[in-house]
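Each remark here refers to the structure printed beneath this line.
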Amino acid sequence: MSASLSRPRVGVWLIGARGSVATTVVTGCAAVTAGLHPPTGMVTETPAFADSGLPALTDLVFGGHDTLDCPLPKRAETLTAGGVLPPGVATAVAAELGAADQEIRPGGPTPGDTRSEAELITAFADDIRDFAQRHELERTVVVNVASTEPASAGPGTPLPASTLYALAALRAGCPYVNFTPSEGMHHPVAAREAERSGLPYAGRDGKTGQTLLRAVLGPMFAQRALNVRAWSGTNLLGGGDGAALADPAAAAAKNAGKERVLADTLGSVPEGEVHIDDVPALGDWKTAWDHIAFDGFLGTRMILQTIWQGCDSALAAPLVLDLARLTARAHEAGLTGPLSELGFYFKDPVGEGPSSLGEQYAGLLGLGARLRRAGGDGDPPTAGATGDHGARTEAAVRDADPREPAAGSGRES
């Protein structure tokens, strides 16, 4: 995105930067700023956030990591052919896609990669710092939009890639958002470093479709004192997510968030489970079906069924832009630790907060008001640097051994 150098610019560093979600994020941001499309789905573009000091869409600069080498313009062509992007938009913003593609660096670990975990973290952090310095960015937010990983096997096993990236974000002094069910900052090693860093972070697992409905319907049944006996669901999806979630371990990580919403809003988990089926022919489109059996007055048995058909990339992209802007502003305002007010966007949010979408929205509006009242973080940092706070964060994370528990704490299982 082009912007006057007199205005502070904010980096958005995407993990999985050549995937469907990331491509839609970059394309969508360029299309909205060019006036080609309205910012549909972006809560931060509603009047409630008009004076919250969020960075402008025109001031966002994109880069990232990926293990794929398909250029963003080519990826956008594929998404256009699949009906994810409107005809003509990718061509109209080809320059912006090309600029973002030039800022994508090789991710890892890849097969045959002999670098240690510490070397990978250092390399990833160096990439982020170099990006910030070359573009003279005021700050950079790292957002994980990569494919879902299986949960790690436990203590003593290799750190998952998502956690390596999360640790690199901390090393570079950057706030972090995990839009995926992967462990990322939830891994005990990264969680300890996040606490030491004093940086704001949010996640995990973006709430875009089936679970969004569950966060609305669960409270409805509880508030109307209706007994839910069973709640089953099926997801049919293709694309990269479908292939990744064909792995039972990855699917289990995804479904944990869906079940958690029901447990929190209903007070217990009813019978039933969610099945995820990979249907490659669907591409980036998804169908989610829920079957809810519940009891009414005098035990009358009733059923509610819902069908959600949509495109995950188009649902996720505006949320990623919201989260990048809100997290950047929270960092500027001096907020630290888990941003629980961003639970509105997630299945498994960090920090303490409600699971009902209505209550989560109220919390998000509260954050907007808080940011409106807050100032910046004092004197602006040197261009391309993370500021004094970021420098202290880098030093703390660099000097700490991520495999060693913090003083006085035990290793979590």
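Points to keep in mind about this one:
- Those residues of the stretch 34-72 which are within 27 Å of Gly107 (Cβ to Cβ) and either in a helix (DSSP H, G or I) or polar (S, T, N, Q) (or both), in sequence order: Leu57, Asp59, Thr67, Leu72
- Tabulated pairs, the stretch 155-175, first within 22 Å of Gly337 (Cα to Cα) and among the β-branched types (Val, Ile, Thr), second at pLDDT below 95 and outside any helix (DSSP H, G or I), C-beta under 6 angstrom, 6+ apart or interchain: Thr163/Glu183; Thr163/His187
- Hey, Asp101 at negative phi and at pLDDT below 95 or not: no
- Any hit, the stretch 164-181, residues being hydrophobic (A, V, I, L, M, F, W, C), part of a helix (DSSP H, G or I) and open to solvent by 10 Å² or more (accessible area, probe 1.4 Å): no
- Selection within the stretch 65-93: residues that are more than 16 Å from Ala22 (Cβ to Cβ) and open to solvent by less than 60 Å² (accessible area, probe 1.4 Å). The member of this set that is modelled with the lowest pLDDT is Gly83.
- Tally of residues being more than 25 Å from Phe62 (Cβ to Cβ) and touching a strand residue (DSSP E or B) at 6+ places or on another chain (Cβ under 7 Å) across the stretch 339-365: 1
- Residue in the stretch 393-404 that is assigned to a loop (DSSP other than H, G, I, E, B), surrounded by fewer than 20 Cβ atoms within 10 Å (Cβ to Cβ) and at pLDDT 65 or above present: no
- Qualifying residues in the stretch 305-338 (those that are under 17 Å from Gly351 (Cβ atoms) and hydrophobic (A, V, I, L, M, F, W, C)) - the one nearest to the chain's Cα centre (by Cα): Leu323
- For the stretch 97-117, the set of residues classified as outside any loop (DSSP other than H, G, I, E, B) and open to solvent by 60 Å² or more (accessible area, probe 1.4 Å) consists of Arg105, Pro106, listed by residue number.
- Inter-residue pairs, beta-carbon under 7 Å, first free of Cβ contacts under 8 Å to residues at least 60 places away in the same chain and in the stretch 212-227, second open to solvent by 10 Å² or more (accessible area, probe 1.4 Å) and of a type outside the set (A, V, I, L, M), 6+ apart: Ala222/Thr265; Ala222/Gly267
- Some residue of the stretch 226-235 being assigned to a strand (DSSP E or B), among the basic types (Lys, Arg), at pLDDT 90 or above and surrounded by 16 or more Cβ atoms within 10 Å (Cβ to Cβ): no
- Pairs, first farther than 21 Å from Ser182 by Cβ and open to solvent by 40 Å² or more (accessible area, probe 1.4 Å) in the stretch 253-272, second at pLDDT 85 or above and not polar (S, T, N, Q), C-beta under 6 Å, six or more apart: Leu266/Gly218; Leu266/Ala222; Leu266/Val228; Val269/Leu262; Val269/Ala263; Glu271/Ala230; Gly272/Ala230; Gly272/Trp231
- Which numbered condition Val142 fails, given (1) over 23 Å from the mean Cα position of the chain (by Cα); (2) among the hydrophobic types (A, V, I, L, M, F, W, C); (3) part of a strand (DSSP E or B): (1)
- Test for Val279: is it in contact (Cβ under 8 Å) with a residue 12 or more places away in the chain, in contact with a His (Cβ under 9 Å, 6 or more places away or on another chain) and either more than 27 Å from Asn227 (Cβ to Cβ) or buried (at least 24 other Cβ atoms within 10 Å of the Cβ) (or both): no
- Residues that are in contact with a Cys (Cβ under 9 Å, 6 or more places away or on another chain) and either open to solvent by 40 Å² or more (accessible area, probe 1.4 Å) or among the polar types (S, T, N, Q) (or both) within the stretch 307-362 are absent altogether.
The values are calculated or read from the model by the stated rules, or taken from the named source; none is laboratory data. Every value quoted in this text rests on a predicted model; they were computed, and no experiment measured them. Ideal geometry is used to build each Cβ from the backbone, glycine not excepted, and the neighbour counts take in all protein chains shown. The accessibility values were calculated without ligands, DNA or RNA, using every heavy atom of the protein model including side chains. Shrake-Rupley method; radii C 1.70, N 1.55, O 1.52, S 1.80 Å.
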